[in-house]
1. When the Karplus curve 6.51 cos²θ - 1.76 cosθ + 1.60 is applied with θ = phi - 60°, which whole-Hz ³J(HN,Hα) does each residue of the range 29-46 get, with x for Gly and Pro?
2. When VAL68, VAL21 are ordered from fewest to most other Cβ atoms inside 10 Å of their Cβ, what list results?
3. So what is the calculated 222 nm ellipticity per residue for the chain, using -39500 (n - 2.57) for each DSSP H run with n of 4 or more, over all residues, to the nearest 500 deg cm²/dmol?
4. For LYS15, go through the lysines and keep the ones whose alpha-carbon is under 23 Å away, minus same-chain ones fewer than eight residues off.
5. If Lys and Arg each add +1 and Asp and Glu each add -1, what is the summed charge of the other residues whose beta carbon sits under 12 Å from the beta carbon of ILE98?
6. List the residues whose amide H sits under 5 Å from the amide H of PHE29, counting only those 5 or more places along or on another chain, with H placed 1.01 Å from N in the peptide plane.
7. Which trypsin sites (Lys or Arg not before Pro) does the range 34-99 hold that lie in a coil by DSSP with at most 14 other beta carbons within 10 Å?
8. So, counting K/R as plus one and D/E as minus one, what does the shell of residues with Cβ under 12 Å around TYR31 add up to?
Amino acid sequence: MPNIRIEPLKKIEYKNLINPVVDNPGLYFKYSQTGDILPKDRKSDKANTTIQYFNLNNKSLIERRKTVALQVKNFKDQLSLEKIIEIFGEFESFIRDIW
């Protein structure tokens, strides 16, 4: 595994990141069925910076989201959205987007 060094952010740079506690990720991101996170607006510095800084499209996360997408597809006719989120809640905004 490569040694990835994340540089600390300057205080002023925090405003350029999406905080899911404060910001609604659904306003900034769209998700593919294959597990990728994409900015809704390609020119959104906030979305692009967040994806890059937190490495949201690393292979492991993409594979986990892809697995969740398959599970959601399999259970969509049997369970409500809220029940699916309760079961697979780790990726709530992803589940809501692909629902």
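1. 10, 10, 10, 8, 5, 8, x, 6, 9, 10, x, 5, 10, 4, 8, 6, 4, 4
2. If I rank by nearby Cβ atoms, fewest first, I get VAL21, VAL68.
3. -12000 deg cm²/dmol
4. LYS30, LYS40, LYS43, LYS46
5. +3
6. LYS40
7. LYS40, ARG42, LYS43, LYS76
8. +2
The numbers here are math on the coordinates, done by the rules we state, and not lab data. Predicted model only: the values in this text are computed from it and were never measured. Using ideal geometry, Cβ is built from the backbone for each residue, glycine included, and neighbour counts are taken over all protein chains shown.
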